[in-house]
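Peer 1: Got a structure for you, written out below as structure tokens; questions coming shortly.
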Amino acid sequence: MTWTDERVEIVTKLWSEGLTASAIGRRIGVTKNAIVGKVHRLGLAARQSPIRKPVAEPVVEPEPVVELTGPPCHWPIGEPDKNDFRYCGKAALADKPYCPEHDKRAYIRQVPRRGVNAA
Ligand SMILES: [Zn+2]
């Protein structure tokens, strides 16, 4: 009896589906003890009894998905010659110098004004 990747995958899947160790063992032809030992070594969390499962789990609303991987926002705040001048410093959008809020403002500010006489 060797633990092939396939068997490990099956055990992991069936265990997460709530099958008993002996049922999983029958499925792949190993002993219940082998399953219990494997599950333990895999670090699969001990399953909660369905009876003890909390009725209402706290629902965490997901944050709006905004990719914030860039360097800190470079939007200047205040007047450059004043003491309180600083940069925004919030997480910036990927590939943008500004955070989402300031990126919008930068976009409005930088509406292209091409030469009216350009051919
Ligand atoms: Zn900003």
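Peer 1: Cross-link candidates for K90: which lysines have Cα within less than 19 Å, leaving aside residues fewer than 8 places away along the same chain?
Peer 2: In chain and number order, the partners are K104.
Peer 1: Using amide H atoms built in the peptide plane, which far-off residues or other-chain residues are under 5 Å from A91 H to H?
Peer 2: Answer set, sorted by chain and number: C73.
Coordinate-derived values only; no laboratory data. Since the structure is predicted, the reported quantities are computational estimates derived from the model, not experimental observations.
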